[in-house]
1. Assuming H207 fulfils every condition listed in (1) away from the ligand (no atom under 15 Å from the Cβ); (2) of a type outside the set (D, E); (3) over 15 Å from L80 (Cα atoms) apart from one, which condition is it?
2. Check off (1) of a type in the set (G, A, S); (2) under 30 Å from S122 (Cα atoms); (3) touching a residue at least 24 places away in the same chain (Cβ under 8 Å) for A40 and give me the number that stays unchecked.
3. For the condition surrounded by 15 or more Cβ atoms within 10 Å (Cβ to Cβ) and touching a residue at least 40 places away in the same chain (Cβ under 8 Å), what is the one hit in V184, V173, V206, V216?
4. Just one of (1) surrounded by 19 or more Cβ atoms within 10 Å (Cβ to Cβ); (2) away from the ligand (no atom under 14 Å from the Cβ); (3) among the polar types (S, T, N, Q) trips up N104, so point out which.
5. Going by the structure shown, is V93 within 11 Å of the ligand (Cβ to nearest atom) and of a type in the set (A, V, I, L, M)?
6. Can you tell me how many residues within the range 231-246 are in contact with a helix residue (DSSP H, G or I) (Cβ under 7 Å, 6 or more places away or on another chain) and in a loop (DSSP other than H, G, I, E, B)?
7. When you check A226 against the structure, is it more than 16 Å from the ligand (Cβ to nearest atom), closer than 30 Å to A28 by Cβ, assigned by TED's automatic domain parsing to the domain that holds N104 and surrounded by 18 or more Cβ atoms within 10 Å (Cβ to Cβ), yes or no?
8. Right, A143: crowded, with 24+ Cβ neighbours inside 10 Å and more than 13 Å from the ligand (Cβ to nearest atom) or not?
Amino acid sequence: MTPAALGGLARLPRAARRAARALLADPAEFITRVAAELRALTERNHPDFTYVVDENWEAELHDYLGAETSCSSAAELAPLWEDVVGTLAAAGVAAGPMSYLGWNDGDPAFIRAIWCLIRHLSAHRVVETGVAHGVTSRFVLEALARNGGGHLWSIDLPPQLHPELHWQIGLAVDARLRDHWTLVAGSSRRRLPGLLKDVGSIDLFVHDSLHTEFNVLFEMHQAWKALRPGGAIVVDDIDANPGFHAFCMAVPHARSWVCQSAPLRPDYRRSDDKGKFGIVMKEKK
Ligand SMILES: C[S@@+](CC[C@H](N)C(=O)[O-])C[C@H]1O[C@@H](n2cnc3c(N)ncnc32)[C@H](O)[C@@H]1O
């Protein structure tokens, strides 16, 4: 930035200064974000959709995958959770809801679903959107390692008005796992189509980025085209908009579940203090 531009910025109020800096740092992403915010405003007029939890989702999912509900996931996950929560705590971060600005870290039920899908599908190629502290990323990478190898591609647009928080992106991901991880900076709107074209067929897609109806549908339709038969999409915070439901209506032969989240602390912004996530599986051939 030129000294003249810096002088001009100094005279602006703080919020406007942050916005101006973000615009100058990455004009394309800034404009994409503004467009997303404007679209989100129009979504407020859409009719609400109430998701009803499938109480037996875990047993039904395991049955569908040909696995035992009492699989080894609980034993495998317990020590990893201890390590993840400890790693975040050592950096001064309390894992759970609203731990990264207003964003939540992946909760234990969401992580268990992703873990079991990766393990029972013998997944090797996973794409996710929304990294924040990297809780989901860490568990995906650990599950892939237990499958004997694989790769995770993650897209994250760090909060543009809070550059001071960018160091926390991927905090939970161990150095030993990073060779199997590609982190792409930017919005899913701009980065996902190109990434999926480069990666080719995927076993699993995880949405945990911008929870607007438009963005959920955009990501799910993109990922569905790249998903192999029998593969899965997992979407966090489906109760934020009707996008997951609309997508499932558009793929009538797919199997889907509405699942109850299990946050580490109550999330008082949700009607049930917990929230919901969804799973949809592409027909096996
Ligand atoms: C809910 S958090 C992700 C939590 C993460 N899965 C975990 O378990 O730790 C959402 C993340 O998505 C990022 N994000 C927001 N809008 C985005 C977009 N349009 N594309 C990609 N990432 C976005 C946020 O900055 C934040 O880092």
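1. Of (1) away from the ligand (no atom under 15 Å from the Cβ); (2) of a type outside the set (D, E); (3) over 15 Å from L80 (Cα atoms), only one is false for H207: (1).
2. Among (1) of a type in the set (G, A, S); (2) under 30 Å from S122 (Cα atoms); (3) touching a residue at least 24 places away in the same chain (Cβ under 8 Å), A40 violates only (2).
3. Every option except V206 fails the conditions.
4. Answer for N104: the failing condition is (2).
5. On the way: within 11 Å of the ligand (Cβ to nearest atom): yes; of a type in the set (A, V, I, L, M): yes.
Taking the combined requirement at face value, the residue satisfies it.
6. The total comes to 3.
7. On the way: more than 16 Å from the ligand (Cβ to nearest atom): yes; closer than 30 Å to A28 by Cβ: yes; assigned by TED's automatic domain parsing to the domain that holds N104: yes; surrounded by 18 or more Cβ atoms within 10 Å (Cβ to Cβ): yes.
The answer is yes for A226.
8. Values: crowded, with 24+ Cβ neighbours inside 10 Å: yes; more than 13 Å from the ligand (Cβ to nearest atom): yes.
Here the answer is yes, as A143 does meet what is asked.
The values are calculated or read from the model by the stated rules, or taken from the named source; none is laboratory data. On a predicted model such as this, the values are computed, not experimentally measured, just so you know. Cβ coordinates were reconstructed from backbone atoms using ideal geometry, including for glycine residues, and neighbour counts include every protein chain displayed.
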